[in-house]
Amino acid sequence: MPEPLQTDSLLHERYFIRQIIGRGGMGSIYLAEDSRLPGRLCALKEVQQDATLPEAVHAQARDQFYNEASVLARLDHPNLPKVSDYFTEGDRDYLVMDYVPGDDLRTLMERARLDGKTLPIVRVLEWAGQLADALEYLHGQTPPVIHRDIKPSNLKLTPSGLLKLVDFGLVKQLVPDEMTVTVIQGRGTAHYTPLEQYGGDSGHTDARSDIYAFAATLYHLVTNSAPAEAKQRFLDPGSLQSPRSLNTAIPLDVERAILWGMALHPDDRPLSIAAFRHALRGDTLPASPQNPDLSVARLARWLSSSTDRALAAAALTLLVLALAGYLR
């Protein structure tokens, strides 16, 4: 893990580092003050590449960072933090964006749990509407922007009640077959990661990958219980509890929409955020809702015939691990 910047240091002759507000394997996130606009707070996302990688890979990753940062800088939506700057200092790349005050939804969910409560369904659905607005905007870009790490802790609620989808900026290395899709995040977070992302950075992800994470996030918010991971569901079909078994206040249509969105195979999910939004409202559901879980045998059949390399890689990885006894 890279050493973080010192508090009160000046970065890029402009940004005073006030404190670290997050850390990850590729760098830190800092709260900073813009010296050119006194009083303006911003968040700086730091990316440091693995020093052991070949120089050509470093150059490719840096080009990809600048390409994707320029895409982010052009985005303008009320439910997304505005990206205002990006630059390189030494061996680290930085993305500068609005600092979003307020609590994230994970914090609000945990407070409710400590009080023996769950978050009100009506409020969660209001937040879902705002998140759907942001994702429709992202997916509608040319090329589409896929977030790939939607989860409660990446959703912040401002004091005015505006939801913001945050944590952009950890780019993945360029994959030629994915030139048509701008991928901003890494591999996601286990409870919200769809099966196809287990194929690693060689796999193709699209809007349906964000739909899975969106649905899994809603599952957690309305039940106060993290959903079973995709790899666990792959090996143990039926391990995903129905939302209404955990919270009877959840409307049936909402439960069906969440389970539809969390289908393990992308082809079994809604095709778009718009379709998922309609399902949450009870307007649209699959003609014959399928079990969101898949058997090992079914995925093995896909593995032998699928043209989806991401799903095939994911299935193969999980099958090998299962046979080796690494997954319990």
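As an exercise: evaluate Thr7 against (1) free of Cβ contacts under 8 Å to residues at least 40 places away in the same chain; (2) surrounded by 19 or more Cβ atoms within 10 Å (Cβ to Cβ); (3) hydroxyl-bearing (Ser, Thr, Tyr) and give the number of the one condition it does not meet.
Of the numbered conditions (1) free of Cβ contacts under 8 Å to residues at least 40 places away in the same chain; (2) surrounded by 19 or more Cβ atoms within 10 Å (Cβ to Cβ); (3) hydroxyl-bearing (Ser, Thr, Tyr), the odd one out for Thr7 is (2).
Of the conditions (1) aliphatic (A, V, I, L, M); (2) closer than 30 Å to Asn247 by Cα; (3) touching a strand residue (DSSP E or B) at 6+ places or on another chain (Cβ under 6 Å), Leu72 fails just one. Which one is it?
(2)
Can you pull out every residue in the range 216-251 that is among the aliphatic types (A, V, I, L, M), part of a helix (DSSP H, G or I), modelled with pLDDT of 95 or more and over 19 Å from the mean Cα position of the chain (by Cα)?
Scanning the range 216-251 gives a single hit, Leu246.
Across the range 194-206, which residue is modelled with the highest pLDDT among those that are buried (at least 22 other Cβ atoms within 10 Å of the Cβ) and closer than 20 Å to Ala275 by Cα?
Looking at the filtered set, the residue picked out is Pro194.
Mind counting the residues in the range 58-69 that are buried (at least 21 other Cβ atoms within 10 Å of the Cβ) and of a type outside the set (A, V, I, L, M, F, W, C)?
The total comes to 1.
Considering only the range 42-161, give the helices (runs of 4 or more DSSP H) lying wholly within it that have at least 3 residues that are touching a residue at least 24 places away in the same chain (Cβ under 8 Å) and closer than 21 Å to Tyr30 by Cβ.
55-74
Residues checked against (1) of a type in the set (Gly, Ala, Ser); (2) at pLDDT below 90:
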| position | (1), (2) |
| --- | --- |
| Asp34 | no, no |
| Lys45 | no, no |
| Gln48 | no, yes |
| Ala51 | yes, yes |
| Val57 | no, yes |
| Gln64 | no, yes |
| Arg74 | no, no |
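Give the number of residues within the range 247-256 that are within 9 Å of Thr223 (Cβ to Cβ) and of a type in the set (A, V, I, L, M).
1
Which of the residues that make up the range 232-246 are of a type in the set (S, T, N, Q) and more than 14 Å from Val222 (Cβ to Cβ)?
Within the range 232-246, Gln232, Ser239 meet the criteria.
If I ask for residues that are in a strand (DSSP E or B) and among the charged types (D, E, K, R), which ones from the range 10-29 would you list?
Arg18, Arg23 - these are the residues of the range 10-29 that are in a strand (DSSP E or B) and among the charged types (D, E, K, R).
If I filter the range 39-57 down to residues being within 29 Å of Leu80 (Cα to Cα) and of a type in the set (A, V, I, L, M, F, W, C), which single residue comes out as surrounded by the most Cβ atoms within 10 Å (Cβ to Cβ)?
The qualifying residue surrounded by the most Cβ atoms within 10 Å (Cβ to Cβ) is Leu44.
I need the full set of residues from the range 131-157 which are of a type in the set (D, E, K, R) and within 13 Å of the chain's Cα centre (by Cα), in order please.
Arg148, Asp149, Lys151, listed by residue number.
So how many residues does the range 24-68 have that are in contact with a Cys (Cβ under 9 Å, 6 or more places away or on another chain) and β-branched (Val, Ile, Thr)?
Residues in the range 24-68 being in contact with a Cys (Cβ under 9 Å, 6 or more places away or on another chain) and β-branched (Val, Ile, Thr): 0 in total.
The values are calculated or read from the model by the stated rules, or taken from the named source; none is laboratory data. Keep in mind that this is a model prediction, so the values were computed, not measured. Positions of Cβ are generated from backbone atoms using ideal geometry, with glycine treated the same way; all protein chains shown enter the neighbour counts.
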